[in-house]
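Let me begin by presenting the structure, written as structure tokens, before commenting on it.
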Amino acid sequence: MIKTVFLDLDDTIFDFKACERQALAASLTKCAISFNDSDLTAYSEINDAMWKALERGEITRDELRVKRFEVFLSRFSLCLDAAQFADLYMEHLAATNVLIQGAREVLETLSKRYDLYAVTNGYEYTQRGRIRSADIGKYFKDIFISQCIGAVKPNKEFFDHCVRSIPDFDLSSTVLIGDSPTSDISGGNGYGLYTIRYNPEHLPNPEYAIPRSEVASLSELPILLQSL
Ligand SMILES: [Mg+2]
């Protein structure tokens, strides 16, 4: 029987792509930079690649924060300070609150049956801001953010911190739900957690990160968890 649920936030509960586009569009508008859809998509690709590099330990969190904008802003023939733009973007991102379809309902249902913990790779300022803005903090017993812990998923140190912080933690009655094969599924499998991939687009599972279960919609979770 399941007692504890670790839930990823970005692209599992928050529609991160939508939040990111909103924040980026607002920041560019504020700087009077004209942009189009392909600029927003380009940023998303730059950012994804940098987060993967961070997960592999190739760059630091501080480098990521500014470097992604150095690369992105070079698309525009303007002289802009990447560090200042990064601050502006973080401010806008912290205020976004677009949720994945059905997320609020599933949080409402699951929080009555299980102890929910958010497990997220991200910046404390933006993650806490968005949790507040979406009013979803009340569903979680605790929020574990990589910046506060000093380790990112999929590393063992991240999960060690979560486990140490939870009273009477029991691995065998805990599941981890997330969208990312690298940070969630491979990290959770490695730690001995029962992993569930949220995979709405039915993307292939890499060989190194096969989840124990998979759902295409968050609404499948209550029944799945009851069956475990
Ligand atoms: Mg995610």
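Scan region 116-138 residue by residue and report those that are in contact with a Cys (Cβ under 7 Å, 6 or more places away or on another chain), in a strand (DSSP E or B) and not hydrophobic (A, V, I, L, M, F, W, C).
Y117 - this is the single residue of region 116-138 that is in contact with a Cys (Cβ under 7 Å, 6 or more places away or on another chain), in a strand (DSSP E or B) and not hydrophobic (A, V, I, L, M, F, W, C).
Report, by residue number, each residue of region 159-195 that is without any contact (Cβ under 8 Å) to a residue 60 or more places away in the chain, within 16 Å of the ligand (Cβ to nearest atom) and in contact with a helix residue (DSSP H, G or I) (Cβ under 6 Å, 6 or more places away or on another chain).
Of everything in region 159-195, those that are without any contact (Cβ under 8 Å) to a residue 60 or more places away in the chain, within 16 Å of the ligand (Cβ to nearest atom) and in contact with a helix residue (DSSP H, G or I) (Cβ under 6 Å, 6 or more places away or on another chain) turn out to be F159, T195.
Please report, ordered by residue number, the helices (runs of 4 or more DSSP H) entirely within region 139-228 with at least 2 residues that are in contact with a strand residue (DSSP E or B) (Cβ under 7 Å, 6 or more places away or on another chain). I'd like the intermediate steps shown before the answer.
Details: elements: 146-149, 156-165, 187-191, 221-227.
Correct list: 156-165, 187-191, 221-227.
From (1) in contact with a helix residue (DSSP H, G or I) (Cβ under 7 Å, 6 or more places away or on another chain); (2) closer than 30 Å to L225 by Cβ; (3) modelled with pLDDT under 95, pick out the condition that doesn't hold for M50.
It is condition (2) that M50 fails.
Quick one: is G150 free of Cβ contacts under 8 Å to residues at least 60 places away in the same chain, outside the structural domain of V66 (by TED's automatic domain parsing) and surrounded by 19 or more Cβ atoms within 10 Å (Cβ to Cβ)? Spell out the reasoning first.
Values: free of Cβ contacts under 8 Å to residues at least 60 places away in the same chain: yes; outside the structural domain of V66 (by TED's automatic domain parsing): yes; surrounded by 19 or more Cβ atoms within 10 Å (Cβ to Cβ): no.
For G150, the condition - free of Cβ contacts under 8 Å to residues at least 60 places away in the same chain, outside the structural domain of V66 (by TED's automatic domain parsing) and surrounded by 19 or more Cβ atoms within 10 Å (Cβ to Cβ) - is not met.
Mind listing just one residue for me: the one in region 1-20 that is surrounded by 17 or more Cβ atoms within 10 Å (Cβ to Cβ) and away from the ligand (no atom under 16 Å from the Cβ) and, of those, nearest to the chain's Cα centre (by Cα)?
Across region 1-20, the extreme among qualifying residues is T4.
Surrounded by fewer than 18 Cβ atoms within 10 Å (Cβ to Cβ) and either modelled with pLDDT under 95 or of a type in the set (D, E) (or both) - does that describe any residue in region 139-146?
yes
Do you know which of the residues in region 96-131 that are among the small types (G, A, S) and either outside the structural domain of G178 (by TED's automatic domain parsing) or at pLDDT 95 or above (or both) is nearest to F14 (Cα to Cα)? I'd like the intermediate steps shown before the answer.
Taking region 96-131 as the starting set, the residues that turn out to be among the small types (G, A, S) are 102-103, 111, 118, 122, 129.
Then drop every residue that is not either outside the structural domain of G178 (by TED's automatic domain parsing) or at pLDDT 95 or above (or both), which leaves 102-103, 111, 118, 129.
Working: G102: 11, A103: 8, S111: 17, A118: 12, G129: 12 Å.
Once the filter is applied, the top-ranked residue is A103.
Check region 76-95 and report whether any residue there is among the aromatic types (F, W, Y), more than 15 Å from A26 (Cβ to Cβ) and without any contact (Cβ under 8 Å) to a residue 60 or more places away in the chain. It would help to see each step written out before you state the result.
Pass one, region 76-95, residues among the aromatic types (F, W, Y): 76, 85, 89.
Next cut, more than 15 Å from A26 (Cβ to Cβ) only: 76.
If we keep only those that are without any contact (Cβ under 8 Å) to a residue 60 or more places away in the chain too, we end up with 76.
Checking region 76-95: at least one residue is among the aromatic types (F, W, Y), more than 15 Å from A26 (Cβ to Cβ) and without any contact (Cβ under 8 Å) to a residue 60 or more places away in the chain.
Here is a yes/no grid of residues against (1) in a helix (DSSP H, G or I); (2) hydrophobic (A, V, I, L, M, F, W, C):
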{"position": "F6", "(1), (2)": "no, yes"}
{"position": "A23", "(1), (2)": "yes, yes"}
{"position": "L28", "(1), (2)": "yes, yes"}
{"position": "S34", "(1), (2)": "no, no"}
{"position": "S38", "(1), (2)": "yes, no"}
{"position": "E45", "(1), (2)": "yes, no"}
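In region 81-115, what count of residues is obtained for those that are surrounded by fewer than 17 Cβ atoms within 10 Å (Cβ to Cβ) and not in a helix (DSSP H, G or I)?
4
Could you give every pair whose Cβ atoms fall below 6 Å, whose first residue belongs to region 20-44 and is modelled with pLDDT of 90 or more, and whose second residue is surrounded by 12 or more Cβ atoms within 10 Å (Cβ to Cβ) and not in a helix (DSSP H, G or I), counting only separations of at least 6 or pairs across chains?
Going by the 6 Å Cβ cut-off, the qualifying pairs are Q22/T96; A23/T96; L28/F35.
The values are calculated or read from the model by the stated rules, or taken from the named source; none is laboratory data. Source: prediction; values computed, not measured. Reconstructed Cβ throughout: ideal geometry from the backbone, glycine too, with neighbour counts over all protein chains shown.
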